[in-house]
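In what follows, a single structure is set out as structure tokens and then discussed.
The values are calculated or read from the model by the stated rules, or taken from the named source; none is laboratory data. Quick caveat, the model's predicted, so the values are computed rather than measured. Because the Cβ atoms are built from the backbone with ideal geometry, glycine has one as well, and the counts that use them run over all protein chains shown. Ligands, DNA and RNA are excluded from the accessible area calculation, which covers all protein heavy atoms including side chains. Shrake-Rupley method; radii C 1.70, N 1.55, O 1.52, S 1.80 Å.
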Amino acid sequence: MKGIHFPSDVIRSLALNIMNRHFKHTPIEEKLNQITDVLEHPENYRDHELLGIIALKLLSKESTEALYEAYDLDELPKPFEVFGHKHIERNALQQMEVAMRLPVAVKGAVMPDAHHGFGLPIGGVLATENAVIPYGVGMDIGCRMALTILDLPGSHVLHHDYVLKKALGDYTHFGNDGGLDFRQEHEILDHPGFQNTELLRKLHGKAVRQLGTSGSGNHFVEFGTVELNLENTLGIPGGVYAALLSHSGSRSLGANIAQHYTHVAMAKCKLPGAAKSLAWLTLDSDEGQAYWHAMQLAGEYAKACHDQIHRNLCRALGFQTLVTVENHHNFAWKELDEDGRELVVHRKGATPAQEGVYGILPGSMLSPGYIVRGRGNALSINSAAHGAGRKMSRQKAKDSITMSSVKKMLQAEKVTLIGGSPEEAPGAYKDIDTIMKSQGTLVSIEGKFYPRVVRMAKD
């Protein structure tokens, strides 16, 4: 777009996004002429399906004013709590320090499974006032865990591993290409939120195709056994049960929402250096409201995907369910603090842990996950870890661990794996028991889940 004068970075960003997405096969000269004509005669494009949003911005009063604001960071970070400090690398804490220098930051906490991420550290919790940070939520909006405890003894999993392996192969799908071989029906597909914006309308088709599927990386679906404490509060007797556990998020829907609104936020909110990606949108702005509602839709879609995964497998195998424990991470919530002030709480790789709220925190393919109940600790902003957390970067794990060594470890422990990669090897993760010891004031333990038949993407 060189040679074209845009009245603001927002208009330029919108134009680039639309041209790259919807005019990618149009010759460059025609693109330039089209954008130039919109800039010069926006009134002619007010109702245009694709270019109307640019025209409306140009015709609004805002277009004649500065459409972004530059902010300085506070000189020092506001104080924040760290749980399991000795297990957390310095670069993750440095990321949190940057976040706590944002003018909109009010409170912060770092969970014991934290490690370096993008923007906020994975395991970072940030509370702001009247502001939502798209990159503080992350790319996989509403990534979540779901555990279904089955009306079967734990021994069923051990004695029927072949049947369970085949069902995982037939009724789950991983990765961005393709989908399930049978039609998915869920009320989420008729959600009116898909009609809110042009972006969401265009993402609906892929959301239909990806419903009931899982992503790549550390996402999984697995059968295993649950050891439920005798004194548990889940409403079923203590003992050993068969169970189904899944981990994935909002698929392409969430990724596209995150990417789009991160660009919008960065165009409206200019921050220095290391804080650049932590640009925010105020909740009283049109863009902030649009992101907030899109984020809610992505969260509901992520839940719907887990609903379908569990429903498809249980129907195929004739399983009856007893109880489901599920929870988001990678999300933002409006919550009241102890002073009654409404804050926007971003949990990026952290689990809600208000008093009485249940969660499931996975370990690795060879270590247990923990079923927990929140204690409502204000120091952690009512949050807890979301699992074991990585101790190796994906690249380091890929370079230092072989798939053959992973398979040998799994065979020795009688764990069956479909797909997977060295990046998700048990050795790439922190010790989950150490993590749990660091958050005894955040959650109480209801039971444990042990993986037995695991499916992941073959990256």
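Got a sec? What order do Arg183, Arg373 fall in by accessible area at 1.4 Å, biggest, i.e. largest, first?
These residues rank, largest area first, as Arg183, Arg373.
Sorted by accessible area with a 1.4 angstrom probe, largest first, how do Thr351, Thr441 fall?
Thr441, Thr351
Can you list the lysines whose alpha carbon is less than 26 Å from that of Lys407, not counting same-chain residues fewer than 8 positions off?
In chain and number order, the partners are Lys165, Lys166, Lys391, Lys396, Lys398, Lys430, Lys448, Lys458.
From Cα pairs below 8 angstrom and at least 6 apart in sequence, can you work out the relative contact order of the chain, rounded to a whole percent?
20
Got a number for the accessible area of Leu168? Probe 1.4 Å, square angstrom, nearest 10.
Approximately 0 Å² for this residue.
For a quick check: with amide H placed at 1.01 Å from N, whose amide H comes under 5 Å from His173's, ignoring anything fewer than 5 positions away on the same chain?
Ser214
Mind counting lysine pairs for me in region 242-383? Cα separation below 20 Å, and the two need to be 8 or more apart along the chain or on different chains.
5
Using the alpha-carbon centroid of each, what span in Å lies between region 89-138 and region 179-220?
29
List, largest first, the extents of the alpha carbons of region 283-379 along their principal axes, each in whole Å.
48, 31, 24
Could you report the accessible area of His186 in Å², rounded to 10, computed with a 1.4 Å probe on the protein chains as they sit in the structure?
Solvent-accessible area, nearest 10 Å²: 40 Å².
Quick check on the chain: helices-only [θ] at 222 nm, where DSSP H runs of length 4 and up contribute -39,500 (n - 2.57) each and the sum goes over total residues. Nearest 500, please. Let's see the in-between values first.
Details: 13 runs with 151 residues, N = 459.
Rounded to the nearest 500, the figure is -10000 deg cm²/dmol.
Given the protein chains as shown and a 1.4 Å probe, how many square angstrom of Met139 are accessible, to the nearest 10?
80
Among (1) 1.03; (2) 1.95; (3) 0.97, which one is Cα Rg over 2.2 N^0.38 Å computed from these coordinates?
(1)
With +1 on each Lys and Arg Cβ and -1 on each Asp and Glu Cβ, and nothing else charged, work out how big the dipole of region 114-192 is about its Cα centre, in Debye to the nearest 20.
Rounded to the nearest 20 debye, it is 260 debye.
I'd like to check one number: the per residue accessible area of region 1-148, probe 1.4 Å, reported in Å² as a whole number.
50
Share of the chain's accessible area from carbon and sulfur, percent, 1.4 Å?
Numbers: 10040 of 20350 Å².
Taking all protein chains in place, the chain shows 49 percent carbon and sulfur surface.
Just name one of Ala457, Asn330, Cys269: the one whose Cα is farthest towards the positive end of the charge dipole of the chain (beta-carbon charges, Lys/Arg +1, Asp/Glu -1).
Checked the options; the winner is Ala457.
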